[in-house]
Amino acid sequence: MKHFYAVITLCVFTVFGMKAQTQITISDPDTWTTSQLSKYVGQTVTFLTPLYVTNNYNYTSGRLSVSPHRIYSPTNQAVPLTNAYSDIVRLNNNSEMTLSGISDYHRMGERIIGLTCKVNSTTSLTAVGTVKFAGNTRDDMRATTPDMLVDSKGTHTLLVCAFNLEYYLVENLGTGYGPDDEYESARQHKKIMDALSRIKADIFGFVEIERGQAALRKIAQSLSATTGKTYDFINDGGSSYSSYTKSGYVYCSSTVEPVGNMRANDAQVSNRKMMQAFREKSSGEIFIFSINHFKAKSGTATGLNADQGDGQGTFNYTRTLEAQSVLAQYQTNTTYYGDDDILIMGDLNAYAKEDPIRTLTENGMTDLHRYFHADSAYSYVYHNQAGYLDHALANSTLLPQITGMSAYHINSDEHDRFTYDKSTDETMFRSSDHDPVLVGLRLNASYVEPDNHINNFEVITEGTTPRILHAMGGYYLIHNINGLCQLQGTISNDDFHISTPLPAGLYIVTVYHNGETKTFKLIVR
């Protein structure tokens with residue numbers, strides 16, 4: 001988290017003796033609070049700093065929640081109960097405003113550029129004139145193919161997807177969970193298949209899919225029909241009953257084949273932690289894919305599982321034990337599968353800095369969200385706070401063979417009125433409440449990761465376009481001297497040219513790579 005001082009720059013222009021509207025620049029959006037609007041109550045102002053939509057749940061009445069930055073779950077960014085955690089909690093509670101006067105639908109995470117509005121109070125704004133939105137729109141998502149999200153370190157040969165399907169049922173309908181009837185079931189299937197047919201992963205790991213084989217079989221058959229590829233599923237021999245769900249696999253049989261049998265891990269919660277190795281047919285290489293769905297944060301719990309008031313919710317102790325069991329299962333099965341490479345994915349119901357995830361990262365697993373996207377990663381939005389419950393972690397031998405990863409933001413930023421049971425929308429948007437998470441692989445047992453000179457990052461300029469050297473696979477952020485983010489993205493090669501020209505000025509470039517962070521001063525003349 002940055003620690004610049006928040007400064008509001010006030011510019012008042014006089015035109016023929018009349019005061020023009022106030023222009024507000026927020027120098028450090030991450031530390032800004034609404035109290036700094038108090039001096040502008042009753043005035044019409046223009047924010048030169050972009051504002052983010054942080055909540056769209058009142059958009060039907062023309063209102064959105066906005067802030068100079070995305071609101072993140074505190075435990076996604078900081079270890080529970082640390083000073084950094086407390087700072088995020090405080091800022092989250094004091095940085096949102098309600099914006100009225102919006103007529104169209106907008107997703108969370110869209111940016112408002114140059115907003116002119118009347119300040120009704122420190123937490124209430126009314127838009128004046130045309131409001132310009134940019135970034136993270138549905139059109140942006142349609143233009144972003146899954147392949148574009150996973151090739152930051154080379155071209156993948158396998159695409160792996162983990163996806164929480166939010167109670168995908170095909171047999172036991174009307175139980176109070178998932179679809180109530182055949183009509184809703186058909187609509188749920190159409191929305192999910194619109195997403196899956198676009199992703200076209202070589203291996204899908206699903207959670208919250210109906211137990212038994214019918215749900216997996218239906219998806220495999222539908223994928224085969226819509227993509228032109230041949231898909232199959234791993235049959236665990238079980239039967240469906242009530243609305244109980246499990247974790248399971250669907251795979252493209254022309255590109256991969258299962259190695260050995262699927263191994264279930266029923267520690268703490270049954271049917272929700274699975275492990276299966278797959279062989280890539282073209283290379284003959286094997287990796288282990290662990291798909292998981294840990295115990296939820298909700299519900300009444302006692303003892304060590306009670307809510308400890310640290311932001312981790314109930315059953316944190318159980319989830320930590322589940323993380324330990326996945327590590328133990330991995331150690332047990334490497335000999336059986338004949339390979340050490342492992343990819344752990346799924347809805348772990350824990351944010352990045354919570355105990356279950358730190359159990360994994362402190363025992364040799366790399367958090368791929370943070371490795372590729374630093375603090376900008378998310379896959380889920382709850383009570384307007386973004387974070388990632390849906391994880392992808394790799395061990396040290398698989399990490400060099402990963403070309404990239406990302407959440408595919410087709411669900412978490414959407415209003416839930418577009419679910420299959422509330423609308424006639426049959427598109428991929430809001431097909432679930434979780435975003436699918438994608439990982440690109442280029443398997444090669446003899447692959448050696450390029451020397452990225454972790455201690456020798458360089459940032460240089462040629463004219464107005466910076467270059468970042470020796471940080472391939474990392475992530476960059478460029479802020480101007482006022483703390484406003486100008487550019488950000490993944491560093492896709494060892495001599496990375498930023499194609500968007502920067503105006504003359506002084507900038508701060510922050511580079512994240514392999515768990516390390518370096519900051520540079522950049523002067524564009």
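Residue 297 falls short on exactly one of the conditions (1) closer than 20 Å to residue 389 by Cβ; (2) crowded, with 24+ Cβ neighbours inside 10 Å, and that condition is (2).
Results for (1) of a type in the set (Lys, Arg); (2) under 28 Å from residue 368 (Cβ atoms); (3) touching an Asp or Glu at 6+ places or on another chain (Cβ under 6 Å), shown as yes or no for each residue.
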{"position": "161", "(1), (2), (3)": "no, yes, no"}
{"position": "201", "(1), (2), (3)": "no, yes, no"}
{"position": "204", "(1), (2), (3)": "no, yes, no"}
{"position": "214", "(1), (2), (3)": "no, no, yes"}
{"position": "217", "(1), (2), (3)": "yes, no, no"}
{"position": "225", "(1), (2), (3)": "no, no, no"}
{"position": "230", "(1), (2), (3)": "no, no, no"}
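Scanning the stretch 383-408 for residues that are at pLDDT 95 or above and closer than 16 Å to residue 73 by Cβ, we see that the one that is surrounded by the fewest Cβ atoms within 10 Å (Cβ to Cβ) is 385. Of the residues making up the stretch 84-135, those that are on the phi > 0 side of the Ramachandran plot and surrounded by fewer than 19 Cβ atoms within 10 Å (Cβ to Cβ) are 101, 114, 129, 135.
Being modelled with pLDDT of 80 or more and polar (S, T, N, Q) holds for only one residue in 514, 455, 444, 482, and it is 444.
Quick one: which residue in 240, 197, 253 is surrounded by fewer than 23 Cβ atoms within 10 Å (Cβ to Cβ), in contact with a strand residue (DSSP E or B) (Cβ under 7 Å, 6 or more places away or on another chain), closer than 23 Å to residue 441 by Cα and polar (S, T, N, Q)? After ruling out the rest, the residue left standing is 253. Taking the conditions exactly as written (among the basic types (Lys, Arg), within 26 Å of the chain's Cα centre (by Cα) and surrounded by fewer than 15 Cβ atoms within 10 Å (Cβ to Cβ)), does residue 70 satisfy them or not? The answer is no for residue 70.
Considering every residue within the stretch 304-311, establish whether at least one is crowded, with 20+ Cβ neighbours inside 10 Å and either at pLDDT 95 or above or more than 22 Å from residue 165 (Cα to Cα) (or both). Scanning the stretch 304-311 turns up at least one residue that is crowded, with 20+ Cβ neighbours inside 10 Å and either at pLDDT 95 or above or more than 22 Å from residue 165 (Cα to Cα) (or both). When the stretch 363-372 is filtered for residues that are out of contact with any Leu (no Cβ under 7 Å at 6 or more places or on another chain) and crowded, with 21+ Cβ neighbours inside 10 Å, the ones remaining, listed by number, are 369, 370, 371, 372. Would you confirm whether any residue within the stretch 125-138 is under 20 Å from residue 435 (Cβ atoms), among the hydrophobic types (A, V, I, L, M, F, W, C), not assigned by TED's automatic domain parsing to the domain that holds residue 412 and not in a strand (DSSP E or B)? Among the residues of the stretch 125-138, not one is under 20 Å from residue 435 (Cβ atoms), among the hydrophobic types (A, V, I, L, M, F, W, C), not assigned by TED's automatic domain parsing to the domain that holds residue 412 and not in a strand (DSSP E or B), which makes the answer no. Within the stretch 160-180, not a single residue is of a type in the set (S, T, N, Q), assigned to a helix (DSSP H, G or I) and surrounded by 17 or more Cβ atoms within 10 Å (Cβ to Cβ). Residues of the stretch 139-159 that are assigned to a loop (DSSP other than H, G, I, E, B) and in contact with a Lys or Arg (Cβ under 9 Å, 6 or more places away or on another chain): 145, 153, 154, 155, 156, 157.
On the given criteria, is residue 283 of a type outside the set (A, V, I, L, M, F, W, C) and in a loop (DSSP other than H, G, I, E, B)?
Working: of a type outside the set (A, V, I, L, M, F, W, C): yes; in a loop (DSSP other than H, G, I, E, B): yes.
Considered against the rule, which asks whether it is of a type outside the set (A, V, I, L, M, F, W, C) and in a loop (DSSP other than H, G, I, E, B), residue 283 comes out as yes.
With respect to the conditions (1) in contact with a helix residue (DSSP H, G or I) (Cβ under 9 Å, 6 or more places away or on another chain); (2) closer than 16 Å to residue 259 by Cα, residue 344 falls short on a single one, namely (2). Of the residues making up the stretch 407-440, those that are hydrophobic (A, V, I, L, M, F, W, C) and outside any loop (DSSP other than H, G, I, E, B) are 407, 418, 437, 438, 439. Among residues of the stretch 69-88 that are within 19 Å of residue 383 (Cβ to Cβ), those with a Cβ under 6 angstrom from a residue that is aliphatic (A, V, I, L, M) and in a loop (DSSP other than H, G, I, E, B), sequence gap 6+ or separate chain, pair up as 76/352; 85/78; 88/78.
For first residues located in the stretch 329-355 and on the phi > 0 side of the Ramachandran plot, partners that are assigned to a helix (DSSP H, G or I) and buried (at least 18 other Cβ atoms within 10 Å of the Cβ) and lie 6+ apart or on another chain with Cβ distances below 9 Å form the pairs 349/319; 349/356.
For (1) assigned by TED's automatic domain parsing to the domain that holds residue 119; (2) in contact with a strand residue (DSSP E or B) (Cβ under 8 Å, 6 or more places away or on another chain); (3) at pLDDT 50 or above; (4) surrounded by 15 or more Cβ atoms within 10 Å (Cβ to Cβ), each residue gets a yes or a no:
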{"site": "16", "(1), (2), (3), (4)": "yes, no, no, no"}
{"site": "20", "(1), (2), (3), (4)": "yes, yes, yes, no"}
{"site": "31", "(1), (2), (3), (4)": "yes, no, yes, yes"}
{"site": "38", "(1), (2), (3), (4)": "yes, no, yes, no"}
{"site": "47", "(1), (2), (3), (4)": "yes, yes, yes, yes"}
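Of note, residue 300 does not satisfy the criterion of being part of a helix (DSSP H, G or I) and of a type in the set (Val, Ile, Thr).
Remark: pairs (first residue in the stretch 138-149, closer than 23 Å to residue 105 by Cα; second residue of a type outside the set (Ser, Thr, Tyr) and outside any loop (DSSP other than H, G, I, E, B); Cβ separation under 8 Å; 6+ apart in sequence or on different chains) = 145/198.
Just checking, does the stretch 111-124 include any residue being closer than 30 Å to residue 400 by Cβ and β-branched (Val, Ile, Thr)?
There is no residue in the stretch 111-124 that is closer than 30 Å to residue 400 by Cβ and β-branched (Val, Ile, Thr).
Taken as a whole, the condition of being under 13 Å from residue 265 (Cβ atoms), in contact with a Leu (Cβ under 8 Å, 6 or more places away or on another chain) and modelled with pLDDT of 95 or more does not apply to residue 360.
The values are calculated or read from the model by the stated rules, or taken from the named source; none is laboratory data. Nothing here was measured: the structure is a model prediction, and the numbers come from that model. In this analysis, Cβ positions are derived from the backbone assuming ideal geometry, glycine residues included, and neighbour counts consider all displayed protein chains.
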